[in-house]
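Novice: Pasting a structure here, questions to come.
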Amino acid sequence: MPLDFLGDLRRTHMCGELRAENAGQQVVLMGWVNRRRDLGNVIFIDVRDRTGLTQLVFDRSDNHALHEKASDLRNEYVIAAIGTVRKRDAKTTNRNIPTGEIEVVVKELKELNESKVPPFLPGDPVLANEEMRLKYRYIDLRREPMQYNIELRHKIALAIRNYLAGIGFFEIETPFMTRSTPEGARDYLVPSRVYPGEFYALPQSPQLFKQILMISGFDKYFQIVRCFRDEDLRADRQPEFTQIDLEMSFPQPDRVFEVVEGFLTAAFKAAGYELQTPFPRMSYDEAIRQYGIDKPDLRLPKLTDVRSAFTPEQLQTLQLSAELPVVAIRIPKIGELSRKERDENRPLFGERKDARLIDDIKRLEKSFPDAVAKLREMSGAQPDDLLVLVAGPAQQEAAATRPDYAVFMAAGQFRVELARKYADRHHAFHQGGFHMLWVTDFAMFEYDATEKRWNAAHHPFTSPHEQDMDKLESDPGSVRALAYDVVLNGTELGSGSIRIHRQDIQKKIFRALGMSDEEAQARFGFFLEALEYGTPPHGGIALGLDRIVMILAGAESLREVIPFPKTAKAVDLMVDAPTPVSEGQLKELGIKVR
Ligand code: ASP
């Protein structure tokens, strides 16, 4: 089999596959030079493909010309080699790699392509800086951890597809060039050449299309789909990201939960983890009262309202409100903090008008020994636990809509910050374990104090609770939505809701959001019309695939699990985007850059 006739040559094995039982076999391997070790008479070359690497041996005394050829090879050259698998002796066996028991004695070698000296090597033990990695992403992706992450992503997506297809869901595509219907974030716009001055928008999610698919009779839809949001940049956000998007006709929330639990179980299994189902559930109200946040991390103890440990007089002395909760945060095994540590932690609590922090329990104990004994008991605090209190100030400034929630939320946020800061002491985050949770019955509206109006907490297509319908105008703040989130270890994996399927109610919600009928018509007219043609009750959810893969890969950033991500500043360093475009292109589009 002469290698010059490469056209005929078939790769017979992958570089990571060979084992002791292949000894004696002739193999054809193709891949990259991962490393060359020149010992004079013998040259070792590790040839690498996506499955791993195999050691090739070139012995001068066996074949002088071949040995010469091998000495010309450099890192990341692409080669083909024919040779015989040989078992290594015990002394030279490499226990660190799966192919460490064998090597291939090469008979023929062909250099398929050379490589410039790369800015970093896939096998480098020290990671190059991220800008370099993103600019030379094709080299970065050759690294073993990246190959693992991308393969894992494929397996997870496949497991989800298989699961959903297996229970009757169709994967249906929806357009990327669509109409601008802001859903909370800013749209990315695509100018139309044919209609100068008019624009398509890239979808923030397929929300309205999937609802229209329900109206179209496709009662179980899903799509693993790219979404685009021009949001203010934050460390771990991508302008384009992937959702596992689904929608069903005639479901109760329970049915949505069941489907999501099913595909998450399949996805986690693809990564080698088992999930317990059903996931526990908690209403938004319980989440706020017990954890002070809508995405509780169940790995650490709950908050406890210890107000009853104090008498109203004591609270008055402490200048705390007797009407609002007194919330104990307990984090195990952190121990007592020094004064310096406490001072350093204050900024994590922040300057607040709606809540006060008491972080010196020892001092409190001197003045109120009975109360502190009681609150220790109520919160279940052990001697080496960190204990702090968050309470409402005696003097309320302006009456917030929910001053009690404000206290719980201040405590919840501080709990998260402390837990993060002292992770090495309490170890709750290192012990693994996936604590899944459904948070249900979110508020329908959120008050925007700056804009002085109500916004949809989830999105305006979410159905309010039947029982709260009559409060839409009189008391929007108390209207609960049939909306739910799935939460994992303090991170929101996805949100969804049962939707409004009646046009009159949809119009009411738009009105409650301060949208005039004309405005609603202008923005969502097509959808309001569709609702009039026999819309079944429907609901669904969307989960972030990138985040799920990140968690399952044990990665620190979304960029580790997206093949070609953008930087935190929304730049693609490899292709160098965004860029200005030519005057000609702009002219054709009827656009003038200001
Ligand atoms: N479209 C929603 C979102 O992207 C999810 C949903 O309600 O299904 O957040």
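The values are calculated or read from the model by the stated rules, or taken from the named source; none is laboratory data. Note that the coordinates shown come from a computational prediction; the quantities given were computed from them, not determined experimentally. Heads up, the Cβs are rebuilt from the backbone with ideal geometry, glycines too, and the neighbour counts pull from every protein chain shown. For accessibility, only protein heavy atoms count, side chains too; no ligands or nucleic acids. Shrake-Rupley method; radii C 1.70, N 1.55, O 1.52, S 1.80 Å.
Novice: Given N residues in segment 247-399, what is its alpha carbon radius of gyration divided by 2.2 N^0.38 Å?
Specialist: Numbers: Rg = 20.0 Å, N = 153, 2.2 N^0.38 = 14.9 Å.
After normalising by residue count via 2.2 N^0.38 Å, the value is 1.34.
Novice: Can you compute the modelled spin-label distance between Ile591 and Tyr195, with each label point 7 Å from Cα toward Cβ, in nm?
Specialist: 1.6 nm
Novice: Still on this structure, please answer the following. Between Leu112 and residues 5 or more places away or on another chain, which pairs have amide H atoms under 5 Å apart, with H built 1.01 Å from N, and which residues are they?
Specialist: Here the answer is Val78, Ile79, Ala80, since their amide H atoms fall under 5 Å of that of Leu112.
Novice: Could you give the Stokes-Einstein D for segment 118-166 in µm² per second, using the C-alpha Kirkwood radius, 4 °C, 1.567 mPa s? Don't skip to the answer; put the middle values down first.
Specialist: Details: Rh = 12.2 Å.
Result for D is 106 µm²/s.
Novice: Please report the relative contact order for segment 285-403, taking Cα pairs under 8 Å with a sequence separation of at least 6, and give it as a percent rounded to a whole number.
Specialist: Working: 160 pairs, mean separation 41.6, N = 119.
About 35 percent, as a whole number.
Novice: Just add up the charged neighbours of Pro278: K/R +1, D/E -1, any other residue whose Cβ is under 11 Å from the Cβ of Pro278.
Specialist: Values: positive: Arg281; negative: Asp254, Glu258, Glu261.
Net local charge, Pro278 excluded: -2.
Novice: For segment 61-85 and segment 18-36, compute the distance between their C-alpha centroids and round to whole Å.
Specialist: So the separation of the two Cα centres works out to 12 Å.
Novice: I've got another one for you. What number, in percent, do you get for the relative contact order of the chain if the mean sequence gap of Cα pairs under 8 Å and at least 6 apart is divided by its residue count?
Specialist: On the way: 1098 pairs, mean separation 77.9, N = 594.
13 percent.
Novice: Round to the nearest 0.05 the FRET efficiency obtained for Phe250 and Ala65 when R0 = 60 Å and r is the Cβ-Cβ distance.
Specialist: Numbers: r = 74 Å, r/R0 = 1.23.
For Phe250 and Ala65, the calculated efficiency is 0.20.
Novice: Taking loop as defined by DSSP and a crowding limit of 12 other beta carbons within 10 Å, which trypsin sites (Lys or Arg not before Pro) in segment 450-549 fit? Display every interim value, and only then the final one.
Specialist: Values: sites: Lys452, Arg453, Lys471, Arg480, Arg499, Arg502, Lys507, Lys508, Arg511, Arg523, Arg547; in loops: Lys452, Arg502.
Taking segment 450-549 and a limit of 12 other Cβ atoms within 10 Å, the loop trypsin sites (Lys or Arg not before Pro) found are Lys452.
Novice: I'd like the FRET efficiency for Ser582 and Tyr447, computed as 1/(1 + (r/R0)^6) with the beta carbon distance as r and R0 of 41 Å, rounded to 0.05.
Specialist: 0.30
Novice: Let me ask something else about it. Ignoring ligands, DNA and RNA, please state the percent of accessible area on segment 46-85 from carbon and sulfur, probe 1.4 Å.
Specialist: Working: 670 of 1600 Å².
Carbon and sulfur together cover 42 percent of it.
Novice: While we're looking at this one, here's another question. Tell me, what % of the accessible area of segment 154-222 is carbon and sulfur with a 1.4 angstrom probe? Before the final figure, lay out the partial values.
Specialist: Values: 2140 of 3710 Å².
Here carbon and sulfur together make up 58 percent of the probe-accessible area.
Novice: In addition: For the pairs Lys452/Lys592; Lys508/Lys569; Lys295/Lys340; Lys452/Lys508; Lys353/Lys507; Lys569/Lys592, flag any whose C-alpha to C-alpha distance is greater than 28 Å. Before the final figure, lay out each step's value.
Specialist: Working: Lys452/Lys592 35 Å; Lys508/Lys569 39 Å; Lys295/Lys340 30 Å; Lys452/Lys508 19 Å; Lys353/Lys507 37 Å; Lys569/Lys592 25 Å.
Checking Cα-Cα distances, Lys452/Lys592; Lys508/Lys569; Lys295/Lys340; Lys353/Lys507 exceed 28 Å.
Novice: In whole percent, and with a 1.4 Å probe on the protein chains, what portion of the accessible area of segment 538-578 is carbon and sulfur?
Specialist: Values: 910 of 1540 Å².
Solvent-exposed carbon and sulfur of segment 538-578 make up 59 percent of the total.
Novice: Then there's this: Find, among the GluC sites (Glu not before Pro) in segment 408-480, those assigned to loop by DSSP (not H, G, I, E, B) with at most 12 other beta-carbon atoms within 10 angstrom. The partial results should precede the final answer.
Specialist: On the way: sites: Glu417, Glu446, Glu451, Glu466, Glu473; in loops: Glu451, Glu473.
Answer in residue order: Glu451, Glu473.
Novice: Where the centre of each part is set by its Cα atoms, how far does segment 487-539 sit from segment 351-377, in angstrom?
Specialist: A separation of 46 Å, based on Cα centres.
Novice: Scanning the chain for helices, which whole DSSP H stretches are 18 Å or more long along the axis (Cα) and average -0.5 or more by Kyte-Doolittle? Let's see the in-between values first.
Specialist: Working: long enough: 144-166 (32 Å, -0.26); 253-270 (26 Å, 0.48); 403-421 (27 Å, 0.01).
Going by DSSP H runs, the hits are 144-166, 253-270, 403-421.
Novice: I've got another one for you. For segment 384-537, which semi-axes, largest first and in whole Å, follow from the square roots of 5 times the eigenvalues of its Cα gyration tensor? Walk me through the intermediate numbers first.
Specialist: Details: eigenvalues 272, 93, 29 Å².
Taking √(5λ) for each Cα gyration eigenvalue gives 37, 22, 12 Å.
Novice: Next up: Taking the Cα-to-Cβ direction at Asp72 and at Lys116 and moving 7 Å from each Cα, how far apart do the two end points lie in nm?
Specialist: Distance between the two pseudo-spin positions: 2.2 nm.
Novice: Same structure again: Tell me what the chain gives for mean residue ellipticity at 222 nm when only DSSP H runs of n ≥ 4 count, each as -39,500 (n - 2.57), the sum divided by the residue total, rounded to 500 deg cm²/dmol. Display every interim value, and only then the final one.
Specialist: On the way: 17 runs with 175 residues, N = 594.
Using -39500 (n - 2.57) per qualifying helix, the result is -8500 deg cm²/dmol.
Novice: Order 51-59, 120-128, 74-82 from most to least packed using the mean count of other Cβ atoms within 10 Å.
Specialist: On the way: 51-59: 22.0, 120-128: 13.1, 74-82: 18.6.
Highest-to-lowest ranking by the protection proxy: 51-59, 74-82, 120-128.
Novice: Another question, then. Determine by what factor the alpha-carbon radius of gyration of segment 162-256 differs from 2.2 N^0.38 Å, reporting the quotient. Show your work: numbers first, answer last.
Specialist: Details: Rg = 15.2 Å, N = 95, 2.2 N^0.38 = 12.4 Å.
For segment 162-256, the normalised Cα radius of gyration comes out at 1.23.
Novice: Can you spot the aspartates and glutamates whose alpha carbon is less than 12 Å from Lys69's alpha carbon? Ignore those fewer than 8 places along the same chain.
Specialist: Straight-line reach from Lys69, under 12 Å: Asp59, Glu108, Glu111.
Novice: Filter the GluC sites (Glu not before Pro) in segment 208-289 to those in DSSP coil with at most 14 other Cβ atoms within 10 Å of their Cβ, and list the result.
Specialist: Of the GluC sites (Glu not before Pro), the ones in loops of segment 208-289 whose Cβ has at most 14 other Cβ atoms within 10 Å are Glu231, Glu274.
Novice: Return the sequence-ordered ³J(HN,Hα) values of segment 566-583 in whole Hz as given by the Karplus equation 6.51 cos²θ - 1.76 cosθ + 1.60 applied to θ = phi - 60°, using x for Gly and Pro.
Specialist: Values, residue by residue: 9, 6, 4, 9, 6, 10, 9, 6, 6, 8, 6, 10, x, 9, x, 10, 5, 4 Hz.
Novice: Could you give the spread of the C-alpha atoms of the chain along their three principal axes, from largest to smallest, in whole angstroms?
Specialist: 95, 70, 51
Novice: Find the centroid of the Cα atoms in segment 254-320 and in segment 169-234, then give the distance between the two in whole Å.
Specialist: With segment 254-320 and segment 169-234 each reduced to a Cα centre, they are spaced 32 Å.
Novice: Also: Roughly how many Å² is the accessible area per residue of the chain, as a whole number, for a 1.4 Å probe? Don't skip to the answer; put the middle values down first.
Specialist: Details: 30870 Å² over 594 residues.
Spelled out: the 1.4 Å probe surface of the chain, per residue, equals 52 Å².
Novice: Sticking with the crude label model, points 7 Å out along Cα→Cβ, report the distance from Arg511 to Thr84 in nm, one decimal please.
Specialist: Placing both labels 7 Å beyond Cα along the Cβ direction yields 8.9 nm.
Novice: Set the Förster radius R0 to 60 Å, insert the Cβ-Cβ distance between Thr317 and Leu275 as r into 1/(1 + (r/R0)^6), and round the FRET efficiency to 0.05.
Specialist: It comes to 0.75.
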